[in-house]
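Trainee: Just dropping this structure here.
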Protein chains: 4
Amino acid sequence: MEELKRFDVAQLAHVEIYTPKPEETLWFFKDVLGLCETAREGQSVYLRAYEDFYHHSLKITERNEPGLGHISWRSASNSALDRRVAELQKSGYGKGWIDGDLGHGHAYQFTTPDGHLMELLWDVDYYQCTDDQKTVLKNRPQKRPLNGVPVRRIDHVNCLTSDVTKNKNFMMNELGFRLREHVVRNDGSELGAWLSISPLVHELAFMKDQGFSESGLGRLHHVAFWYGFPQHLNDLSEVLTEHDIKIEAGPLKHGVSQAMCMYVIEPGGNRVELFGDSGYLIFDPDWKPVTWKEEEVERAIIFYGAPLPEEYFKYGTPQKIVVENK
Amino acid sequence: MEELKRFDVAQLAHVEIYTPKPEETLWFFKDVLGLCETAREGQSVYLRAYEDFYHHSLKITERNEPGLGHISWRSASNSALDRRVAELQKSGYGKGWIDGDLGHGHAYQFTTPDGHLMELLWDVDYYQCTDDQKTVLKNRPQKRPLNGVPVRRIDHVNCLTSDVTKNKNFMMNELGFRLREHVVRNDGSELGAWLSISPLVHELAFMKDQGFSESGLGRLHHVAFWYGFPQHLNDLSEVLTEHDIKIEAGPLKHGVSQAMCMYVIEPGGNRVELFGDSGYLIFDPDWKPVTWKEEEVERAIIFYGAPLPEEYFKYGTPQKIVVENK
Amino acid sequence: MEELKRFDVAQLAHVEIYTPKPEETLWFFKDVLGLCETAREGQSVYLRAYEDFYHHSLKITERNEPGLGHISWRSASNSALDRRVAELQKSGYGKGWIDGDLGHGHAYQFTTPDGHLMELLWDVDYYQCTDDQKTVLKNRPQKRPLNGVPVRRIDHVNCLTSDVTKNKNFMMNELGFRLREHVVRNDGSELGAWLSISPLVHELAFMKDQGFSESGLGRLHHVAFWYGFPQHLNDLSEVLTEHDIKIEAGPLKHGVSQAMCMYVIEPGGNRVELFGDSGYLIFDPDWKPVTWKEEEVERAIIFYGAPLPEEYFKYGTPQKIVVENK
Amino acid sequence: MEELKRFDVAQLAHVEIYTPKPEETLWFFKDVLGLCETAREGQSVYLRAYEDFYHHSLKITERNEPGLGHISWRSASNSALDRRVAELQKSGYGKGWIDGDLGHGHAYQFTTPDGHLMELLWDVDYYQCTDDQKTVLKNRPQKRPLNGVPVRRIDHVNCLTSDVTKNKNFMMNELGFRLREHVVRNDGSELGAWLSISPLVHELAFMKDQGFSESGLGRLHHVAFWYGFPQHLNDLSEVLTEHDIKIEAGPLKHGVSQAMCMYVIEPGGNRVELFGDSGYLIFDPDWKPVTWKEEEVERAIIFYGAPLPEEYFKYGTPQKIVVENK
């Protein structure tokens, strides 16, 4: 059972983000990043990239401030789901089952210690394309889109947190995530931690929130989509610059993960990362986490390319506390 | 236990190939592909790519014909090794433990039904670079080499076989490999099968040997190394063409795996594949194998690029039966 | 005057092609290659790529067979135009002045010895984009399009001919083109010649027509557009393969010109080439033409990549003689 | 005669730079950038990139401070050389003929108004490779090197100047250079000007020297070499970062020229630029210079990528006035 834990969570299924500017945010994800809309319901639009196999990988919900809705993980099996839920219930961070949403069946909700809302699920709906989108490339659920500079799939999510270690330990202990790389300050505290459940260096990162005072806990640093080819970062940079969308940094190469990447602020205010390749992959089952020192943090984030923007550790969404009147 | 099986084998550790022309083969792997030599012993030279973490990923042994020495898999843990060995012993294909080799401790040897020699191990030596090769990129075991068009790590191996289904089932049943894609002929027999133990589409493929009559069973189709960036396939193609090394096919894009790749015959006669990107990755824990029909085989191998060379399904190593006088 | 001749023709201005399937041909150039329509008149549609500075670089005219309409060259100045026209009139191949067309003023028409219709002009209209297409990249006439895999500019044109040497000499003697590379058969006749008026290796090529018997003279081999980045050839290859558009060859690297390229047959039947980089550029004012022998022709066309398709020297447009009933 | 002026200078032939650290500078150019040494004489070493056709494109001379030795231009013909020399002699900036140097015959020396030493020549020696370096790629003077991340040819040179307009006008009036793009400050003075004698956007740039007070006039901003493929900028960035060579900026995309590029300080102190593609090319014979305003200067230099480093307009070589004791 303990030996199975590290394999019980299989993948990042989807992420929900909030936006105060749904029209502009949808333009960004659909017309520029080439995501396809699969459904609309209430204040939410469901989207997926052309190599995402399920109903959606991104849910965009209108709200008065940008930020993170929830993060959805798929378990390795139905029994793996049960095993993890049993542990989550004991952890004190379990919230309970929901019946599901468009695109998936029942899911167990929980939060990180900092309050980032997550869910774990097994039942998912597979995307079925229309006939004109069927492709001879049989391992792809639809044709490559002819609009924008289309991303291929969702890659990872990065959460700002008041306590990297505490949130990291929660994901490792309750859900079997493995620590791949981290930045440790000279006082021993962690500035950032990159965790994964696969050979990817991370599906989830936590970074110390250095700008949260007015915004509360549980902020989003970024959600990332994957291209696989570095040129597409250049193509996207052209398009964004010509359309006056802010590129925060890059294209550049990360130290952590070795990925070619760039950061963009989508019109709703959320930071989005684009990955231009897969970076390095970790197949070693006995991987020793890579530790970067405080003075190496700039190299950890940027192996080469643009210097680290000041706002990088401070900007997250939401920027102010949201007072909800639901 | 059954649930753990699919996670018990973690990765491809190394491959041994034979060459009748050790000098030329070493020139190819060292000067052109940028591999580093880590040891020599007897008729063997041990090499690794600059992002391979262990002592070696390729062992080149002099012999009168090219071909496959052995394929080495690393288990997910010591107990995983024990579990798999217990099963292998029951399977009738187990050969027994060896004490180890340069770079690793004791290993359990076995063969596929067709006789490809394999081993499973847990104890490995990590590569320690010299001081001048230490790098600020802390997740990389050494600096990127300044010679050749250097590959980053070993990727996969492809074996020719008299019976794809039988050999595939052995790897799936005894070692937990998962079928990712296969080509099925109209008579129901499998022409090729791509198997993996990770999100990679394959660490191991079997293809129907259509040219083995004079060569016996257990032939090698190719061993593959990984670049991560498609341009390096172009760079390598220039170098190979100028140095009169045969490019069998490519650069091109596979249907199966979606990887940008090329095939080269190294001077000793073995086919080597180079991967220019990671292709698509499979994170879905409930993946349904992609089935390509007989008439789709050309598209399965080549999504776009050069047509399929005739020799592709016929050429393997060794080409003739080796009469050994050990 | 003689010294000025080699500078009198400055650039390829535009090319007109015929198509029997205007809808499909326009879909190909607009939706797939990202060209912008700037005008329609009669049976013709005028298009340009996003870095073409003039009114149009491609004119597509409906006709019952595909083929070449005309090739338009821009002179280096008004006086250069006059100098060349004076020579053309003496050559016997001059046809006379036309008043102009959409996008340019008066032009002098002439033919090659084989009858390919050409024109030389000075007055051109510059493209003026709409406000929403204005870009901060001030050396580009409009934003990069968000549709298709957009080409950047027209690059060159390749004409099939009954006599390479005769047609080549005409362009060199009358218009100052310089021979950059050629393939010479063992009997001394030229199989292909690549000519330019700039550091590009060619704006114009002639190749021996080996399939013209039923089609008459003056056939088009291909017109080429330029990307500048090799990845776009891969992107386009994906799109074309998924939309069932025939890729004749490539992506591959030419020997002649060293360009990364691919050949596509557009739905109307004309061959289109895409250039993924600029190849090498010739700045040497005393350049000695590179001569490839008959047995080197395959290498001349394909430095590495796909083998030479059989139809390459035989297929051109039109394929049959056009009987016009205008 | 006046009409010929703009064609009389054909290309950048070579550049001489000074270095106080010849060993380290040679390591940089040979082992990292893959240049080949063709000769040594006195305190100078002669080098060329693998697609440079002449004896050398870079001369490195030991001296107590880094900086510019001279810039050598090749004329379009012998008579073009005579025409330009006649004008230079009248200009007051002519210095006189020298007998030649290794790799070329007699040359006419002159300076810019700011004192940058230049020469104009016609007679050059072509590089002849050794037999083992002969290549089947007949338009390339040698095989692609197997060491470093090899550049293909020299591209351009950028000079710091006390008066952009004055130096620019000299090159335009006396030598026929054409203004392609410039940055004009709100007071009407030019901050930078990019000039060419070919479709390249520049073989020569002048930028306002904002840090010359202690260094005197005639400083070098950078010399640039060309790759043709953007990935090589990434490859080089890896190598440089791992070898602790300073990347000043990039990889990034210029606004001016649209080229993918990066800036590096070689161990001797000179700034070197690497071009990853050809940018856009200017074929329009009636090109109107692109004018960037003072407030657009950041975009002019960096279309996307890293922000402009502060030192960019201040750092040049030499940094201090050189007191020579020849």
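Trainee: Hey, in the GNM for chain B with a 10 angstrom Cα cutoff, which one of B:Asn167, B:Asn234, B:Asn139 fluctuates hardest?
Mentor: Top of the fluctuation ranking is B:Asn139.
Trainee: At a Cα cut-off below 14 Å, give the aspartates and glutamates reachable from D:Lys134, other chains included and same-chain residues fewer than 8 away excluded.
Mentor: B:Glu238, B:Glu242, B:Asp244, D:Glu51
Trainee: Please compute the volume of the convex hull spanned by the alpha-carbon atoms of the protein assembly as shown and report it per residue in Å³. Walk me through the intermediate numbers first.
Mentor: On the way: hull volume 247.4 nm³, N = 1304.
Roughly 190 Å³ of hull volume per residue.
Trainee: What percent antiparallel are the DSSP beta bridges of the protein assembly as shown, to the nearest 5?
Mentor: Details: 223 of 311 bridges.
DSSP beta bridges in the protein assembly as shown are roughly 70 percent antiparallel.
Trainee: Dipole size in debye (nearest 20) for chain D around its Cα centre, Lys and Arg Cβ +1, Asp and Glu Cβ -1?
Mentor: Numbers: 36 positive and 49 negative charges, 102 e Å.
Roughly 480 debye for chain D.
Trainee: Moving on to the next point. Quick one: putting +1 on the C-beta of Lys and Arg, -1 on the C-beta of Asp and Glu, what dipole do you get for the protein assembly as shown around its Cα centre, in Debye to the nearest 20?
Mentor: Values: 144 positive and 196 negative charges, 1 e Å.
The dipole magnitude comes to about 0 debye.
Trainee: Cα-Cα pairs above 20 Å in the range A:220-290: how many percent?
Mentor: Values: 820 of 2485 pairs.
I get 33 percent for the Cα pairs in the range A:220-290 exceeding 20 Å.
Trainee: Mean shadow of the range A:69-124, computed from the convex hull of its alpha carbons, in nm²? Mind dumping the intermediate values first?
Mentor: Working: hull surface 14.2 nm².
Computing the convex hull of the Cα atoms and averaging its projections yields 3.5 nm².
Trainee: Measuring label to label, 7 Å along Cα→Cβ, what does B:Asp123 give against each other copy in nm, shortest first?
Mentor: 5.0, 7.4, 8.9
Trainee: Next question, about the same structure. How much accessible area per residue does the range A:171-326 have, in Å², with a 1.4 Å probe? Kindly include the intermediate steps, with their values, before the conclusion.
Mentor: On the way: 4660 Å² over 156 residues.
Averaged over the residues of the range A:171-326, the accessible area is 30 Å².
Trainee: Among A:His156, A:Gln133, A:Met118, which residue has its Cα furthest toward the positive end of the charge dipole of the range A:117-159, with +1 on Lys/Arg Cβ and -1 on Asp/Glu Cβ?
Mentor: Going by the Cα projections, it comes out as A:Gln133.
Trainee: Projecting each Cα onto the charge dipole of chain A (Lys/Arg +1, Asp/Glu -1 at the beta carbon, about the Cα centre), which of A:Tyr46, A:His14, A:His243 comes out farthest on the positive side?
Mentor: A:His14
Trainee: Oh, and also: Give the interface area between chains A and B as buried accessible surface, both sides summed, probe 1.4 Å, in Å² to the nearest 100. Working shown, then result.
Mentor: Details: alone 14180 and 14160 Å², together 24070 Å².
Interface between A and B: roughly 4300 Å².
Trainee: Please give the direction-averaged projected area of the C-alpha convex hull for chain C, in square nanometres with one decimal. The partial results should precede the final answer.
Mentor: Numbers: hull surface 65.9 nm².
Across all orientations, chain C yields a mean hull projection of 16.5 nm².
Trainee: In whole Hz, what ³J(HN,Hα) sequence does the range C:188-196 give by Karplus (6.51, -1.76, 1.60; θ = phi - 60°), x for Gly and Pro?
Mentor: x, 7, 8, 8, x, 9, 10, 10, 9
Trainee: Further question on the same structure: When we measure straight from the Cα of A:Lys208, which lysines land under 25 angstrom away, once same-chain ones fewer than 8 places off are left out?
Mentor: Output for A:Lys208: A:Lys95, A:Lys166, A:Lys168, A:Lys246, A:Lys253, A:Lys288, A:Lys293, A:Lys314, A:Lys320, B:Lys138.
Trainee: Let me make sure I get this right: for the range A:179-227, a, b and c are the square roots of the gyration tensor eigenvalues over alpha carbons, sorted descending. Under 1.5 in a/c it's rounded, otherwise prolate if a/b > b/c, else oblate. Which is it?
Mentor: Working: a/c = 2.86, a/b = 1.24, b/c = 2.31.
Cα axes put the range A:179-227 in the oblate bin.
Trainee: Also, I was wondering about something else. Provide the percentage of antiparallel DSSP beta bridges, counting only those with both residues in chain D; round to the nearest 5. Walk me through the numbers before you get to the answer.
Mentor: Values: 56 of 78 bridges.
About 70 percent, rounded to the nearest 5.
Trainee: Also: In µm²/s, what is D for the range B:25-181 at 37 °C and 0.692 mPa s, where D = kT/(6 pi eta Rh) by Stokes-Einstein and Rh is the Kirkwood radius from Cα pairs?
Mentor: Working: Rh = 17.2 Å.
The Stokes-Einstein estimate is 191 µm²/s.
Trainee: Now for a separate question. Taking a temperature of 10 °C and a viscosity of 1.306 mPa s, what whole-number D in µm²/s does Stokes-Einstein yield for the range C:184-319 with Rh from Kirkwood over alpha carbon pairs?
Mentor: Numbers: Rh = 15.7 Å.
Calculated translational D: 101 µm²/s.
Trainee: Can you list residues from other chains, or at least 5 along the same chain, whose modelled amide H is less than 5 Å from the amide H of C:Gly67?
Mentor: Residues meeting the amide H criterion: C:Tyr18.
Trainee: Apply the Karplus parameterisation 6.51 cos²θ - 1.76 cosθ + 1.60, with θ equal to phi minus 60°, to every residue of the range C:118-132 and state each ³J(HN,Hα) to the nearest whole Hz, in sequence, with x for glycine and proline.
Mentor: Once θ is set to phi - 60°, the couplings for the range C:118-132 become 10, 9, 10, 8, 10, 6, 10, 8, 8, 6, 10, 7, 6, 4, 6 Hz.
Trainee: Name the residue, out of B:Ser196, B:Ser57, B:Ser278, whose mean-square fluctuation peaks in a Gaussian network model built on chain B with Cα pairs under 10 Å.
Mentor: Of the options given, B:Ser278 has the highest mean-square fluctuation.
Trainee: Continuing with the same structure: Using amide H atoms built in the peptide plane, which far-off residues or other-chain residues are under 5 Å from D:His104 H to H?
Mentor: Under 5 Å from the amide H of D:His104: D:Asp125.
Trainee: Here's another thing I want to ask about it. Taking all protein chains as present, what is the carbon and sulfur share of the accessible area of the range A:139-237, in % to the nearest whole number, probe 1.4 Å?
Mentor: Numbers: 990 of 2160 Å².
Carbon and sulfur atoms account for 46 percent of the accessible area of the range A:139-237.
Trainee: Report, for the range C:188-291, the % of DSSP beta bridges that are antiparallel, rounded to 5. Intermediate results must be reported in sequence, preceding the final value.
Mentor: Details: 13 of 17 bridges.
Roughly 75 percent of the DSSP beta bridges within the range C:188-291 come out antiparallel.
Trainee: Considering only protein heavy atoms and a probe of 1.4 Å, how much of the accessible area of the range D:65-120 is carbon and sulfur, as a whole percent? Before the final figure, lay out each step's value.
Mentor: On the way: 830 of 1870 Å².
Its accessible area is 44 percent carbon and sulfur atoms.
Trainee: Helix-only estimate, please: 222 nm mean residue ellipticity of chain D, summing -39500 (n - 2.57) across DSSP H runs of length 4 or more and dividing by its residues, to the nearest 500. Spell out each step's value before the answer.
Mentor: On the way: 6 runs with 55 residues, N = 326.
Using -39500 (n - 2.57) per qualifying helix, the result is -5000 deg cm²/dmol.
Trainee: Kirkwood Rh, the range B:25-112, all Cα pairs: how many Å? All intermediate terms of the calculation are to be shown ahead of the outcome.
Mentor: Working: mean 1/r = 0.0679 Å⁻¹.
Kirkwood radius, the range B:25-112: 14.7 Å.
Trainee: Protein chains only, probe 1.4 Å: how do C:Val124, C:Val136 rank by accessible area, largest first?
Mentor: Working: C:Val124 25, C:Val136 65 Å².
Of C:Val124, C:Val136, the descending order of accessible area is C:Val136, C:Val124.
Trainee: For the range A:247-260, take each phi angle, set θ = phi - 60°, evaluate the Karplus expression 6.51 cos²θ - 1.76 cosθ + 1.60, and give the result in whole Hz per residue in order, putting x for glycine and proline.
Mentor: Per-residue couplings from phi come out as 8, 6, 7, x, x, 8, 10, 5, x, 3, 6, 6, 7, 6 Hz.
Trainee: Next up: Can you give the mean number of other chain Cβ atoms that lie within 10 Å of the Cβ atoms in peptide A:254-265?
Mentor: Numbers: counts 2, 6, 3, 1, 7, 1, 4, 0, 2, 0, 0, 0.
Neighbouring Cβ atoms belonging to other protein chains average 2 per residue here.
Trainee: Moving on. Going by amide H atoms built from the backbone, whose H comes under 5 Å of the H on A:Lys95, apart from near neighbours?
Mentor: It is A:Gln109, A:Phe110, A:Thr111, by chain and number.
The values are calculated or read from the model by the stated rules, or taken from the named source; none is laboratory data. All values reported here derive from a predicted model rather than from experimental measurement. Using ideal geometry, Cβ is built from the backbone for each residue, glycine included, and neighbour counts are taken over all protein chains shown. Keep in mind that these areas ignore ligands, DNA and RNA; they rest on the heavy atoms of the full protein, side chains included. Shrake-Rupley method; radii C 1.70, N 1.55, O 1.52, S 1.80 Å.
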